[in-house]
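Encoded as structure tokens, the structure appears first; notes follow it.
The values are calculated or read from the model by the stated rules, or taken from the named source; none is laboratory data. For clarity, every value in this text was computed on a predicted model and none was experimentally measured. Backbone-built Cβ (ideal geometry, glycine too); neighbour counts: all protein chains shown. The area values use the complete protein model at the heavy-atom level, side chains included, leaving out ligands, DNA and RNA. Shrake-Rupley method; radii C 1.70, N 1.55, O 1.52, S 1.80 Å.
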Amino acid sequence: GGVVSVRTGIESVQNTKTLVITAESCQNNCGFASNQPSFAIRGTNNGWTSTDMALIADNTWQVDVTFGSSSDERFKFDVFGDWSQNFGDNGADGSLEQGGTDIIIREGAGRYRITLHDNSNTYTVTKI
């Protein structure tokens, strides 16, 4: 974790307080509401295995992943990691359908932030 120095009021350097903040990845709900127990990304970036997403806010799942330079880079969302409940996007419109078609990566090789909203069945893909 990082160290942040905090000063309050007018005080000398000798009275400077140090606050240590630890950030931890939250993988198991962390008190946030969700319509599903988990989500993972499965695609060409990971050989169609599962890369877990983190629940970062109510009904909001997120993961950062890297895609290659192939013109066929794509992925789907998988709830249980066994394809029994997976989501794609039939219309390439940011709206998910159960069993829908693969989601195509259109901005070339690089790192992407993928966010899924399980209350509206929508997602975004942003190159970062």
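Only residues that are more than 11 Å from residue 43 (Cα to Cα) and assigned to a loop (DSSP other than H, G, I, E, B) were counted in the range 69-89, giving 11.
Restricting the range 40-68 to residues that are in contact (Cβ under 8 Å) with a residue 60 or more places away in the chain and assigned to a loop (DSSP other than H, G, I, E, B), which is least open to solvent (accessible area, probe 1.4 Å)? Taking the candidates together, the pick is 53.
When residues of the range 112-122 are filtered for being on the phi < 0 side of the Ramachandran plot and either in a loop (DSSP other than H, G, I, E, B) or acidic (Asp, Glu) (or both), how many remain?
Our first condition is that a residue be on the phi < 0 side of the Ramachandran plot; within the range 112-122, this holds for 112-120, 122.
Next, only the ones that are either in a loop (DSSP other than H, G, I, E, B) or acidic (Asp, Glu) (or both) stay: 118-120.
Of the residues in that region, 3 qualify.
Tell me which residues, restricted to the range 90-119, are touching a residue at least 24 places away in the same chain (Cβ under 8 Å) and of a type in the set (Ser, Thr, Tyr). Answer for the range 90-119, where residues must be touching a residue at least 24 places away in the same chain (Cβ under 8 Å) and of a type in the set (Ser, Thr, Tyr): 95, 112, 115.
Considering every residue within the range 97-111, establish whether at least one is basic (Lys, Arg), assigned to a loop (DSSP other than H, G, I, E, B), modelled with pLDDT under 95 and open to solvent by 50 Å² or more (accessible area, probe 1.4 Å).
First, pick out the residues of the range 97-111 that are basic (Lys, Arg): 106, 111.
Pick out the ones that are also assigned to a loop (DSSP other than H, G, I, E, B) and you get 106.
Filter once more, keeping what is modelled with pLDDT under 95: 106.
Okay, now just the ones that are also open to solvent by 50 Å² or more (accessible area, probe 1.4 Å), so 106.
Yes; the residues of the range 97-111 include at least one that is basic (Lys, Arg), assigned to a loop (DSSP other than H, G, I, E, B), modelled with pLDDT under 95 and open to solvent by 50 Å² or more (accessible area, probe 1.4 Å).
Scoring residue 92 on the criteria (1) part of a loop (DSSP other than H, G, I, E, B); (2) of a type in the set (A, V, I, L, M, F, W, C); (3) closer than 17 Å to residue 50 by Cβ leaves a single failure, condition (3).
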